[in-house]
Amino acid sequence: NNHVSSPNQHLYKLMRREDMLVTSPPLKPGPLLRRIRKPKISTVTLIRSFMDQQQQHTPPQRVVVCSGGVIGVCTAYFLAKKGAAVTLLEKSSIACAASGKAGGFLALDWCDGGPLSSLARASFNLHRSLAQELDGPQSYGYRPLTTLSLSVTESQSHHKNPSSTVPSWIDGPARNPRTMGTTETTAQVHPQLFTRTLLSKAVAEYGVEVVIGKLERVEVEGGRLRSVVLEGGRDINADAVVLALGPWTSKLSLLSSIFRVYGLKAHSIVLEPKEPDAITPHALFLSYYPAQGGKPMDPEVYPRPTGEVYLCGMSAEAEVPDDPEQVVANPESIALLKRVASTVSSHLEEGEARVKAEQACFLPCTDDSVPVIGEIPGVKGCYVATGHSCWGILNGPATGAAVAELVLDGCATIVDLSPFNPARFVGGGRKRR
């Protein structure tokens, strides 16, 4: 409320000063008093009139955000919070793709030393403050985690692990335990619940409008955005558009003519163990050696406060279908994840845990492994935010906050967006493959 009350306080001080000017020292009625009193009324009236006119003649920026994934929803949230009139366009349902099927792992410093460092650190801290604001622990399973690295060799038998650094539920053949993150540096959210909670807040408190429809094209006139056109012909006029299309970025020629975003197909399963209370909040990053030998794989295991255990891995570049609902998991990858689960813990083997979900999603990746965030070269009012790969859930809040600043204020202050500028692919920048 500070930014609302400050002008009123300032106006109140002005009025008080004028009262003092008029009434002290006391004067007899006459021409002088009339001359002093007259400016008092007109000055206050003018100030009020000016403020009213400012509110009447400066309508909010109309911004269309394309995509109901975590990047789009975070962007819509922060735009609307800053006063924009936001329409969120989603062709299927909110958080239906990677934002609903990801692990939701958050790390403060795992991107240090690279271009994502400041974005990741800002976003990790934003997640913490959003969790306080939105009651994250209850609303979407936000909690700090201890994160372990383990080597696991596939075998038939379970045995009690003697290591004191490994929780007792990890009773498979685990070795070489190492702490990768503490409750100060790693955390988690349930990504679908996080995305939908944030959107509910944006709709209820900041007036975001959600439209279910497919983006057909962006209308550009004289090098500036004119409108967003939906399949079926609906035209939405806008001052700005933010294209947060994830792996579907390549389906829009305006963007695919400048840079490439490809889809990395990742598989996951969600298990419900019979004894959820036995599972402690430890995220596991595995080097997993199959029984038949060969190269180790790197699956990940995330227990959730809901009592579920999420496992993911088995990623490969693949063709992205037109519709998120058409994404189907490969049976071999799902079977392998189930073997990983039963090898790691007897609590996660068949008969001890129910399989709640078998799924796949596409992570949006760029050729230089750096997200693309910024205004599209040559198209004023057209912005992009995509290519976050496996760090989309982590970096959603800071990306959204930074894009909101860029669109409404002309530059981002929460994080330096220059490493992510799409202009890097134009002219002397990196060529797209």
query = Lysine pairs, Cα distance under 28 Å, 8 or more residues apart or cross-chain: how many in segment 69-208?
reply = 8
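Can you tell me the relative contact order of segment 291-394? Whole percent, Cα pairs under 8 Å, sequence separation 6 or more.
On the way: 92 pairs, mean separation 16.4, N = 104.
RCO, segment 291-394: 16 percent.
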task = For segment 181-340, state what percent of all Cα-Cα pairs lands in each successive 10 Å bin, counting from 0 Å until the bin that includes the largest distance.
result = 8, 24, 30, 23, 12, 3, 0
message = Nothing charged except the Cβ atoms of Lys and Arg (+1) and of Asp and Glu (-1): what's the magnitude of the dipole of segment 86-214 about its Cα centre? Round to the nearest 20 debye.
response = 240
key: Burial order of peptide ranges 327-337, 298-308 (average beta-carbon count within 10 Å, highest first)   = 298-308, 327-337
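For segment 94-205, what is the accessible area per residue in Å², given a 1.4 Å probe and the full set of protein chains?
Per residue, segment 94-205 has 42 Å² of solvent-accessible surface.
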Net charge dipole size for segment 288-375 [Lys, Arg +1 and Asp, Glu -1 on Cβ; Debye, nearest 20] = 620
ask   = In straight Cα distance, which aspartates and glutamates are under 20 Å from Lys265, not counting same-chain residues fewer than 8 positions off?
value = Asp298, Glu300, Glu317, Glu319, Asp322, Asp323, Glu325, Glu332, Glu358, Asp367, Asp368
request  = Collect residues whose amide H, placed 1.01 Å from N in the peptide plane, falls under 5 Å from the amide H of Arg143; neighbours closer than 5 in sequence don't count.
outcome  = Gln188
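The values are calculated or read from the model by the stated rules, or taken from the named source; none is laboratory data. If you're wondering where the values come from, they're calculated on a predicted model, not measured in any experiment. With ideal geometry, Cβ positions are generated from the backbone for all residues, glycine too; neighbour counts draw on all protein chains shown. Areas reflect the complete protein model, heavy atoms only, side chains present, ligands, DNA and RNA absent. Shrake-Rupley method; radii C 1.70, N 1.55, O 1.52, S 1.80 Å.
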